[in-house]
1. Restricting to the stretch 91-111, and then to whatever is surrounded by 15 or more Cβ atoms within 10 Å (Cβ to Cβ) and farther than 15 Å from residue 212 by Cβ, can you tell me which residue is modelled with the highest pLDDT?
2. Determine which single condition residue 273 fails, assuming it passes every other condition in (1) in a helix (DSSP H, G or I); (2) surrounded by fewer than 12 Cβ atoms within 10 Å (Cβ to Cβ); (3) more than 27 Å from the chain's Cα centre (by Cα).
3. Considering each residue of the stretch 257-266, count those that are surrounded by fewer than 21 Cβ atoms within 10 Å (Cβ to Cβ) and part of a helix (DSSP H, G or I), and give that number.
4. Can you tell me which residue in the stretch 346-368 is farthest from residue 318 (Cα to Cα), limited to those that are buried (at least 18 other Cβ atoms within 10 Å of the Cβ) and under 24 Å from the mean Cα position of the chain (by Cα)?
5. For residue 282, which of the numbered conditions (1) crowded, with 18+ Cβ neighbours inside 10 Å; (2) without any contact (Cβ under 8 Å) to a residue 60 or more places away in the chain; (3) assigned to a loop (DSSP other than H, G, I, E, B) fails to hold?
6. So, residue 88, is that one modelled with pLDDT under 85 and either surrounded by fewer than 18 Cβ atoms within 10 Å (Cβ to Cβ) or out of contact with any Pro (no Cβ under 8 Å at 6 or more places or on another chain) (or both) or not?
7. What is the one condition in (1) closer than 30 Å to residue 361 by Cβ; (2) at pLDDT below 90 that residue 252 does not satisfy?
8. Given the options 296, 320, name the one that is closer than 19 Å to residue 342 by Cα and assigned to a helix (DSSP H, G or I).
Amino acid sequence: MLPILWTLVIPAGWAGPLAVVVAALLALLRAADEVHRARRAGEAAKLGQALWRDRFITAFLLVAALGLWRSGLLVDQVALPIYTYGLLIAVGVVLGIVLAQREARRQGLEPDRIADLAFWLLLSAVVGSHLFFAAVNVQEFFSAETWLVEAPWVSRILTGLSLGLVHVERIPRILVPEGLVFYGGFLAAASTAVIYLARNRLPLAAYGDTLIPSLALGHCFGRLGCFAAGCCWGAVGHGHLPWLVAFPPGSAAYEGLAARPGGVAEYLVSNGGSTLPLHPTQLYEAAGELVIFFVLVALVRPRKRFHGQVLAAWLLLYALLRTGVELFRGDVERGVFAGLGVGQWTSMAVFVAGVAVWVGCARRRSGEKAPSLDSVPEAPQAP
């Protein structure tokens, strides 16, 4: 396990100006991308006009950078830890976008839409995964005793973003970035995709087939990041299985298990140097998602008979994978209801959704539904 790869140190006095420069560069890059797309479409476009149309996002970026500067967090030397978890997720996202854009070109879809949609999917996934975690831990997040907490660095950021007009001391716990649940992120991202594609009159099932293998691959990298951080840990392994893993102090698994009532005696080795050997459920799921990715791109996609088939296949396969992995999970903090974890209940719903998508899209293929849902020609049937 290697939670932090390295630490980037920014000298005192440099971080504030650097944040403003980065915000300005992001605004320019967004505007330049819009100009590039317009010219590819044969339309006249100028950088200044693109910046003006994007003025609200530009203003937000600059205000955020200035707010961070005024908060005092960027005045002294800044040490930014580069987390393995975040880096692996970033690699998965970038690789997923590249592969999805490549497939979009092959299918006659719009690759630029993939990049646009990916931004909103990533944002909604982060928010949705955190809200889902809060929902399954309602008592911790919303009880009268715990819903307000002290988080000095978050409070300083919020004070800075208000440009010093509001001094924040305690904040709602739900604003503290702790706890993520994949299914919450997936549900939020799926809802965002439906809204985005509907508003832009793009074929939902065809784009779903294009994007879903990238989700499987990106999630594989994400679970590798979970292993590096020690989160999403498994139950204590009984026996002498050679692949069981003991997590060291500082990992999410160690700290989470030690914080449970009687956890030190029940889940840690006698000298407290590590957890007892646990099932590496993060690696189980990473391996499973990698297998699903290859099944989708090598078996399902070449034999696709209707739009939505690849999407439905992932829903079915991942629900089965997750149900199996949940049998070995040990982080009950995610919520347990009626003897089953939230992940198991959600997997059942996802499996049912996969069946519904498969049946519904197959019926559209045979003409039982209006053909307006997908304007993209169907993939040719396999001989």
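1. The extreme case among them is 91.
2. Against the list (1) in a helix (DSSP H, G or I); (2) surrounded by fewer than 12 Cβ atoms within 10 Å (Cβ to Cβ); (3) more than 27 Å from the chain's Cα centre (by Cα), residue 273 comes up short only on (1).
3. Step one: of the stretch 257-266, the residues surrounded by fewer than 21 Cβ atoms within 10 Å (Cβ to Cβ) are 258-266.
Now drop any that are not part of a helix (DSSP H, G or I), which leaves 258, 263-266.
Total meeting the criteria: 5.
4. This residue is 357.
5. Residue 282 satisfies every listed condition except (3).
6. On the way: modelled with pLDDT under 85: no; either surrounded by fewer than 18 Cβ atoms within 10 Å (Cβ to Cβ) or out of contact with any Pro (no Cβ under 8 Å at 6 or more places or on another chain) (or both): yes.
No: the conditions fail for residue 88.
7. The number of the failed condition is (1).
8. Working: 296 fails: closer than 19 Å to residue 342 by Cα.
One residue alone meets the criteria, 320.
The values are calculated or read from the model by the stated rules, or taken from the named source; none is laboratory data. Note that the coordinates shown come from a computational prediction; the quantities given were computed from them, not determined experimentally. We place every Cβ from the backbone using ideal geometry, glycine too, and count neighbours over all the protein chains shown.
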